[in-house]
Amino acid sequence: MIKVLFICHGNICRSPMAEFMLKDMVSRLHVEQQFQIASAATSREEIGNDIHYGTKEKLREAGIPYEKRKARQVTKEDYRRYDYLIAMDSENLRGLRRILPEDPQGKIYRLLDFTGKPRDIADPWYTGNFDAAFSDIEAGCQALLAHLKKEKKYE
């Protein structure tokens, strides 16, 4: 089983968007039983809050199912539990390093590092641009799946 944890600052915008998008993608490929996918935050600011309305709107527009959930913070246990800890931007990586100062198994990435154009995914909480975040996350999730397929992580 491939265990993926998406990470952003508050766990209400980008990381749950990536979580539900990847869940939908693997479901459409009929390989969802081979994946465990979740999301978390580097900060405690939004703990317990549901997904941001802008993220919900983009997921609805795309026909991607999602469910009510509560934001949570990354824990040290998550490093043991997940195979991939995937941050949305460099600031998230810095926040993650405060919680998980070491990455001896090479599990920590930025989502767009799997694409041909590695870069940060701008935070729509600040930009208001959920369309751009959605597009970047979609490209990142597609590239992640291609990487996993190439590495023969799933059938």
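Nearest 500 deg cm²/dmol is fine: what mean residue ellipticity at 222 nm does the chain get from its DSSP H runs of n ≥ 4 alone, each adding -39,500 (n - 2.57), divided by its residue count?
Roughly -12500 deg cm²/dmol at 222 nm, from the helical runs in the chain.
Can you list which of the GluC sites (Glu not before Pro) found in region 1-69 are DSSP loop residues with at most 16 other C-beta atoms within 10 Å?
Those satisfying the criteria are E45, E67.
What are the membrane-span-like helices in the chain by this rule: whole DSSP H runs, Cα extent along the axis at least 15 Å, mean Kyte-Doolittle hydropathy at least -0.5?
For the chain, where a helix must reach 15 Å along its axis and average at least -0.5, the hits are 14-28, 130-150.
Would you grab the residues whose amide H sits under 5 Å from the one on F35? Only those 5+ places off in sequence or on another chain, please, with H modelled 1.01 Å from N.
Long-range HN contacts for F35: I2.
Could you pull out the longest piece of the chain with no exposed loop trypsin sites (Lys or Arg not before Pro) in it, calling a site exposed if DSSP puts it outside H, G, I, E, B and it has at most 14 other Cβ atoms within 10 Å?
That would be 71-118.
Using the Cα gyration tensor of region 91-155, with a ≥ b ≥ c the square roots of its eigenvalues, what is the shape: rounded (a/c below 1.5), prolate (a/b larger than b/c) or oblate (neither)?
Oblate.
To the nearest µm²/s, what D does Stokes-Einstein give for the chain at 25 °C and 0.890 mPa s, using the Kirkwood radius over alpha carbon pairs as Rh?
Answer, rounded: 161 µm²/s.
Where is the GNM fluctuation largest for the chain (alpha-carbon springs, 10 angstrom cutoff): L22, L112, L100?
Of L22, L112, L100, the most mobile in the Gaussian network model is L100.
Run the count for the chain, please: Lys pairs, Cα-Cα under 12 angstrom, 8 or more apart or on different chains.
So the count works out to 4.
Treating the beta-carbon of each Lys and Arg as +1 and of each Asp and Glu as -1, no other charges, what is the dipole magnitude of region 61-155 about its Cα centre, to the nearest 20 debye?
So the dipole magnitude of region 61-155 works out to roughly 420 debye.
Every number in this text was worked out from the coordinates using simple rules, so none of it is lab data. Owing to the predicted nature of the structure, the values given are computational and were not obtained by experimental measurement. FYI the Cβ positions are ideal-geometry reconstructions off the backbone, even for glycines, and counts take in every protein chain you see.
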